[in-house]
1. Exactly one of these conditions fails for B:GLN265: (1) more than 14 Å from chain A (Cβ to nearest Cβ); (2) under 23 Å from the mean Cα position of the chain (by Cα); (3) not β-branched (Val, Ile, Thr). Give me its number.
2. State the number of residues belonging to region A:1-35 that are within 16 Å of A:ILE117 (Cβ to Cβ), assigned to a loop (DSSP other than H, G, I, E, B) and touching a strand residue (DSSP E or B) at 6+ places or on another chain (Cβ under 9 Å).
3. Output yes when any residue across region A:149-163 is among the β-branched types (Val, Ile, Thr) and crowded, with 18+ Cβ neighbours inside 10 Å, and no when none is.
4. Out of the residues in region A:301-321 that are within 12 Å of chain B (Cβ to nearest Cβ) and over 17 Å from B:ILE332 (Cα atoms), state the one that is surrounded by the fewest Cβ atoms within 10 Å (Cβ to Cβ).
5. Quick check on region A:67-91: of everything there that is touching a residue at least 24 places away in the same chain (Cβ under 8 Å) and surrounded by fewer than 13 Cβ atoms within 10 Å (Cβ to Cβ), which residue is nearest to A:LEU325 (Cα to Cα)?
6. Are any residues in region A:109-122 in a helix (DSSP H, G or I) and either within 12 Å of chain B (Cβ to nearest Cβ) or surrounded by fewer than 19 Cβ atoms within 10 Å (Cβ to Cβ) (or both), and if so, which ones?
7. Being without any contact (Cβ under 8 Å) to a residue 40 or more places away in the chain, within 14 Å of chain A (Cβ to nearest Cβ) and of a type in the set (S, T, N, Q) narrows it down to one of B:SER218, B:SER177, B:SER172, so name that one.
8. Return the residues of region B:332-348 that are at the interface with chain A (Cβ under 9 Å from one of its Cβ atoms) and of a type in the set (A, V, I, L, M); say none if nothing qualifies.
Amino acid sequence: MSFKVLVTTPDYLPRKGGLTTYTIDLVEALREANYDVDIYHWKKISDLKLIKHQRYEKIININYTAGYLGDWDRSKNINIIHGSEILFHSNNLLKKIYKKIFKRRIITFFEKSQRNIFISEFTRNKLVDAGFKIDYFRDIIFHNCINTNNGEFVNNDIGDLLKVCCVVRDTPHKNIHGAISLLEELSEYLNLKVQLSLNSERYSSSIITIKKNHDLSDVSREELYRESHFNILLSLDHSSSGYYEGFGLTCLEAGKYGVPSIVSRFGGLPENVHDGLNGIVFDDRQGVDDFCERIKILIGDYSNTRKNTYEHTINSHGRHNLKKLLEVVL
Amino acid sequence: MKGLGVFINSPYLGGAERSIISQLKEIQGYKLSFYIPFLLEESEASELISHIKSHHANGDINLIKFPSSLYKISRSQTKKIPFILLSLILFVFHLRENIRKHDVIWVNGNKIGLPILLNLILGFKGKMVYHLRDYPSKDSLFKYIWRLFRYIKAEEVLVLANSYDVQKKAESMILRSNVVFDTCYNPIDAMTAKNGKQEDGIVIGIASMLAPWKGIHSVLLCEAMYRFELVAAGIRAINIYGDDIYATEGENKNYKKDILKFVDQDSLINFKGRVAPQKIFSDIDVLVHPSLKPEPFGRVVAEAYESQTALITTGLGGSGELILDDCAIRIIPYDYSGLKDALIRCCDESFRKELVQSGNKMSQNIKEQQRDFWKRLERFIA
């Protein structure tokens, strides 16, 4: 059965970013499933009043705010919940006060919606901690998917230089400083030269080489992934300030070329990276030596790790899976 | 003859109860007395009592009324702490005489463990085996249990885990110098292998109580997403064996009702309710063990090996100790596509046979581990 579906999003082209990419992939998946889809790109809250919701059978909200503040029937809503948007904390005082006052109403909104799709169990549990009651039919955990059509297995051996990339915004919870420290320790432990490519210019190291790539274009970002041996994402859980890593999209972006990831144990990252399969989870409680020993084993079987990473990313995180899910939930 | 008091954790015949009843057959020269808690009516324990009688004809069976508020805190949080404390104190004194009768007491779980440990603080000169059937919990009142070990007056204490993963966790939480830690894998009843090839398609089974952490909903969503591919590969049915057996609150509540909504008229899913393990494994070709949280042991994993059934598992926690690369397919929680691929792979009969052969070897390893433990236990209780 096919009917009209509206996708509401606060982020869309020409602006780039995780939500824009997700929206594009979701819309493509809907079109592949033969749904008649419109996109409503809202920039301010008042835009939501202009939505002609009567035309649509279902409304998929890339950010729940549209469904919460929109004046249509709650049961039309399918909400995609990525991460920190469901926290009731924020550095912005007004936003924080608003969320605190309307916490129960926001939670009720999710409970009245037709479906809630959480990109990680960690994200769902954040909402549960706030008082949300799970319905295991309505509330689905579905890990991120990406367009893997341009993915390609790249067999890139490690010679005498370990190339690592870290493609993130330079914000405190992304913990670039922590990534540099860990790679410095790794370089000394394995007696191996390490080069870290960053898209930020303010970091330096006397132990590893920092390659700065300011304002990466789409093409150069893909090239950076292809030539890297590891992707690193050591994000911290800054939930109390309103930030954590919902899933870690860059691990999939790197994975579609077979590049394994090094991640922290926080947020949705351990649900994304599986020790020994598509990378390694750094557990700070176990210490750096434990990490170095484990990554040594991974490097010892590097070409298999790349193969496993590629296959896992393509098979389990390709957009075709999102299409299958949408067919079920719609 | 010396007396061994066995304090069972629940009136229902679950995995932990089956295990202890079977394991105690290894102990010779002791008069066994079983203590079974019940919540409202003694009839709750009827299935368990029959099972004990069929295995230990000479054992005494005693039923004890267990405060229901105390029972419910194992899997859910509660705000009625003062009321629970009062029930606990009364229950501690109620148990007192029953404990003192024995030379050795065997505690088969944490719900019954808390009042017994409190009793042991008041004085008990025998030996105690504290059998952990789950990871030592840090939730609710249970976080205090592990501290109680410092104050108990038992002569010797053995904390027995059902996997090395559980033992490791227990060692980090129970800090008392003269406690001995050990592990004995749960016993598995002998099972006959399924004979012959299915002519009309492959039957997949999940054998588990209906609880969210068992991950049944993730299999249901996988089936809804990939039904066409699964049918095309030759899968005829996905049977779910089990029920909501715990009278606990919290995330368990409504789970069964929620997941039944996944099933429509074209679904491959069949909810079969509670069925004996031998019957389950004679009906299925492949067992899926989709737990989303670390399992202390993973009884069905060992049962799959014993019954020569191909296995797909998340292998989290202690259950991972039972899995080598070639005796099961490992899947990742919430990886619906990965589960679908594993199910389709298992439709190949020769591949299933390879898994079963490796599973047989692992089954022997499990039995050897158990034999070694019972030799050590004889020295402990002597």
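The values are calculated or read from the model by the stated rules, or taken from the named source; none is laboratory data. Since this is a predicted model, take the numbers as computed values, not measurements. Here the Cβ is made from the backbone with ideal geometry for all residues, glycine too, and neighbour counts use every protein chain on show.
1. Among (1) more than 14 Å from chain A (Cβ to nearest Cβ); (2) under 23 Å from the mean Cα position of the chain (by Cα); (3) not β-branched (Val, Ile, Thr), the lone unmet condition for B:GLN265 is (2).
2. 1
3. No.
4. Ranking the candidates gives A:HIS320 first.
5. Going through the qualifying residues, I end up with A:SER75.
6. A:GLU111, A:LYS112, A:GLU121, A:PHE122
7. Going through B:SER218, B:SER177, B:SER172 in turn, just one is without any contact (Cβ under 8 Å) to a residue 40 or more places away in the chain, within 14 Å of chain A (Cβ to nearest Cβ) and of a type in the set (S, T, N, Q): B:SER172.
8. Within region B:332-348, just B:ILE332 meets the criteria.
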